[in-house]
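The next block holds one structure in the form of structure tokens; read it before the comments.
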Amino acid sequence: MLAVPNASSSNLLTETCHLDPAAAAIELDDVSFAYDRRPVLQGITMKVPPGKIVAIMGGSGCGKTTILRLIGGQIKPHSGKVLVAGQSVPDLEPEALYALRRKCGMLFQFGALFTDMSVFENIAFPMREHTQLPQELIRDLVLMKLHAVGLRGAADLMPAELSGGMARRVALARAIALDPMLVMYDEPFAGLDPISLGVVGQLIRRLNDALGTTSVVVTHDVYESLKIVDYLYFVSEGRIVAQGTPDAVRESKDAFVRQFVDGEADGPVPFHYPAQSYRKDLFADVQ
Amino acid sequence: MSSDVLNGTARILRRLGGAVTGGISRLGFAARFLVAIVWHSPQAFRRFRLTMREIYFSGVLSLVIILLSGLFVGMVLSLQGYETLKRYGADEQLGILVALSLVRELGPVMAGLLFASRAGSAITAEIGLMKTTEQLSAMEMMAVDPLARVIAPRFWGGVISMPLLAALFSAFGIFGGYLVGVRLIGIDNGAFWGQMQAAVDFWPDITDGIIKSLVFGVAVSLIAVFEGYDAKPTAEGVSAATTRTVVISSLAILALDFVMTVFMFRAGNV
Amino acid sequence: MNRSAIDLWVGIFVAIGLGAVLFLALKVGNLLTLDRTAGYRLEASFDNIGGLKLRAPVKAAGVVVGRVEYVRLNPKTYEALVTMRIENQYEFTRDTIASINTSGLLGEVYIGLDAGGDTVMLKDGQRIAKTQSAMVMEKLISQFLFDKAAESGGGGGKK
């Protein structure tokens, strides 16, 4: 359970500029995790340098979102180290974990906006919960964030009235509401039309550079990722099978990378779900 | 053949045993959940706005069904009761019959059942949906404890609303009884209220009713928030959780009512 | 739903809820009309109190003047000793008769007080001397049958 923090100890405006160069880095060292008995991640080792955008790519259900949850401290690894800004996340006390999360932003798949609040109130939420800023200042900050994502005119709409792309952008504005040092994106490109895809990709890159944050993007959209990220990790069946810069990935001869990038139906990730031989199935006696 | 029967029986017994142990472990989990809610409640009261919003959604929006149901129950009680009382020449006791039935039993129990189906299921669905759309996770990642921000206010909103709704149910029921008894049937107005006043004591009749409605409030609110929080994050999961809230709340109300009635009214008579 | 509207409705809800509680307490129940502590005590002994309960009314000329406060058995005389609390405004003569009555055939049991002509009034804690016990249904019936039998037996032993 989380402890309720002392909100008055924060000062939004001064905290953002104090960035220890090594502080925003993420390190996973030989991390393993399993759900009940089913192993989800094995021997994951990755580094995210501060200020860079790193993509974690892989097919559905390969453990990408689990990595984000490990970084965010929602789950603890069975073995290995998870370090964020030099702190070991699984070992943090609730208060310290709390303080760390206040410096992180997360964009959930499909936005996860609070449906009973307007767009404005959604973005104001972290500010109201964690700071004692006066209403006028909060209003200005919210409008600035909305302007950064291009939705200042939509401030009074309710989440139900937004299109998928707009909801995603509002969620992005909410994720950066407190100018975090780390932003995590869970499938930010899922289900978007081509224009929105481009917009969201651009925003991720621009905001990362403008705020000086570190970004981790979990996705399976190769095209957009190659356009905006600094480094990629490929995960398959719980292990890292390939990694590299966008250029290296484009040139790569690795079978998995090629299947993924070219969208081949069959390859290292098989087309057929494991089953007995076709002949046996067809000619089996009906009981 | 007999081994099939044995296997079948064994399977049924295993499922039964699994259901019982599963139910008991859920009960334990729910108890710990209650402790956790109370532990995280200070914020629900410091920022009373949150709780007030929930009192609005569970209490105020239940008013229509509670008041109308109370009115109709009181009217029917009066109608049915009159027939039987008349046979013993005791039709002037109608006021007592209506008042005691409502204040001691029907008020808290029926208000509780109606509250469970209207407000309880709404709370479960809302929390379940928030869980499914990852809103609760988002809150956690924003370093806001969902227990304090979302769950506790809904719990206390229900606990505060229940006794008020039960009192309103009883009051409107008695008014309905008056409408039928005095206005429609023609029982003496003075006898109706006078006999009632002589027989209904604040302590223990009315206070017992208030205690019952408080207990029901805690039970229904706890079940509602627990089922929502524990729901599987899918459409079927939320729907199943909502159904469970209504069913388990209703059973809990009736069981608790029995237990409390035994304690309260056994010691009432010399 | 904006904040002030919610405030208003919650306020209304709580107000009418508390109003209902008040209604129940005052109009339906007898919170104010029953003042149990103000009053003086009178005692009375009965052979049989029948169905008399605690808090049963004490009436004089049909008007409720008090309540039964305490009932116990006198271990020496095996009589029922009843303590009543009478409202201060009513005084009763020393030769008052206390009897246990039933209102109607199946109604509630209460104590009826018939004042006499004595000039001296009963004070707090004093005992009413003359009492009439409850009529127990079985004794009445057996008495009736006995009388009937005696009648016809005296008439000739027929039937």
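Laboratory data are not the source of any read-out in this text; all were calculated from the coordinates shown. Nothing here was measured: the structure is a model prediction, and the numbers come from that model. Using ideal geometry, Cβ is built from the backbone for each residue, glycine included, and neighbour counts are taken over all protein chains shown.
The figures follow:
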item	result
Inter-chain shielding of C:4-12 (mean C-beta neighbours from other protein chains, 10 Å cut-off)	4
Farthest toward positive dipole pole in the protein assembly as shown [+1 Lys/Arg, -1 Asp/Glu at C-beta], among C:Y78, B:S25, A:I71	C:Y78
Euclidean distance between Cα centres, region A:151-199 to region B:103-156, Å	28 Å
Spatially proximal lysines relative to A:K64 (Cα-Cα < 22 Å; intrachain offsets below 8 disregarded)	A:K47, A:K52, A:K76, A:K81, A:K103, A:K227, B:K131, B:K232
Per-residue ³J(HN,Hα) for region B:83-91, Karplus 6.51 cos²θ - 1.76 cosθ + 1.60, θ = phi - 60°, Hz, x for Gly and Pro	4, 6, 5, 4, 5, 9, x, 10, 5
Computed [θ] at 222 nm, deg cm²/dmol, chain B (DSSP H ≥ 4; -39,500 (n - 2.57); rounded to nearest 500)	-26000 deg cm²/dmol
Whole-Hz ³J(HN,Hα) from phi, Karplus 6.51 cos²θ - 1.76 cosθ + 1.60, for region B:244-251, glycine and proline x	4, 4, 5, 5, 5, 4, 4, 4
Residue of C:F144, C:F46, C:F13 that the Gaussian network model of chain C assigns the largest fluctuation, springs spanning Cα pairs under 10 Å	C:F13
Estimated distance in nm for a label pair at B:R11 and C:D124, the labels positioned 7 Å out from Cα along Cα-to-Cβ	8.0 nm
Lysines with Cα under 30 Å of C:K123, excluding same-chain neighbours fewer than 8 positions away	C:K53, C:K59, C:K76
Other protein chain Cβ atoms within 10 Å, averaged over every residue that makes up A:207-219	0
Residues A:M166, A:M181, sorted so that the one with the fewest Cβ neighbours within 10 Å comes first	A:M166, A:M181
For region A:57-186: rounded, prolate or oblate by the Cα gyration tensor [a/c cutoff 1.5]	oblate
10 Å beta-carbon shell around A:P90, net charge (K/R +1, D/E -1)	+1
Unit charges on C-beta of K, R, D, E only; dipole of the protein assembly as shown, Debye	1060 debye
On Cα atoms only, tilt of A:194-211 relative to the major axis of chain A in degrees	60 degrees
Packing-based order for B:69-81, C:84-96, A:101-113, using average beta carbon neighbours within 10 Å, highest first	A:101-113, B:69-81, C:84-96
Under 5 Å, built H, 5+ apart or other chain: amide partners of A:A242	A:F234
Value of [θ]222 nm, deg cm²/dmol, for chain A, DSSP H segments ≥ 4, -39500 (n - 2.57) each, nearest 500	-10500 deg cm²/dmol
Shielding by partners, peptide B:153-166 (average Cβ within 10 angstrom, other chains)	2
Reachable lysines, given that their alpha-carbon falls under 16 Å from the alpha-carbon of C:K139 and they are not under 8 places away in the same chain	C:K148
Highest-fluctuation residue, A:A275, A:A96, A:A25 considered, GNM on chain A with Cα pairs under 10 Å	A:A275
Cα-based helix-to-principal-axis angle, A:135-148 vs chain A, degrees rounded to 10	40 degrees
Antiparallel content of DSSP bridges confined to the protein assembly as shown, in %, to 5	65 percent
Region B:1-84, dipole about Cα centre (Lys/Arg Cβ +1, Asp/Glu Cβ -1), debye to the nearest 20	600 debye
Rounded to 10°, Cα long-axis angle of helix C:137-155 versus longest principal axis of chain C	20 degrees
Counted charge near A:V199, where neighbours are those whose Cβ lies closer than 13 Å (Asp, Glu -1; Lys, Arg +1)	+3
Cut-off 11 Å between beta-carbons: net charge of the residues surrounding C:I49, Lys and Arg +1, Asp and Glu -1	0
Unit charges at the beta carbon, dipole of chain A: most positive-side option, A:L107, A:G80, A:M127	A:G80
Under the Debye formula (equal points on every Cα, no solvent term), log10 I(q)/I(0) of chain C at q = 0.11 Å⁻¹	-0.61
Assigned charges on the beta-carbon of Lys, Arg, Asp, Glu; region C:40-136 dipole about Cα centre (debye)	260 debye
Amide N proximity, region A:108-140 versus A:Q74 label position 7 Å along Cα-to-Cβ, cut-off under 13 Å	A:108-113
Peptide ranges C:55-63, B:19-27, B:228-236 listed from the most packed, as the mean C-beta count within 10 angstrom indicates	B:228-236, C:55-63, B:19-27
Sites excluded, GluC sites (Glu not before Pro) in DSSP loops with at most 16 other C-beta within 10 Å, longest stretch of chain A	A:1-236
Region A:216-249 and region A:80-99: distance between their alpha carbon centers, rounded to Å	25 Å
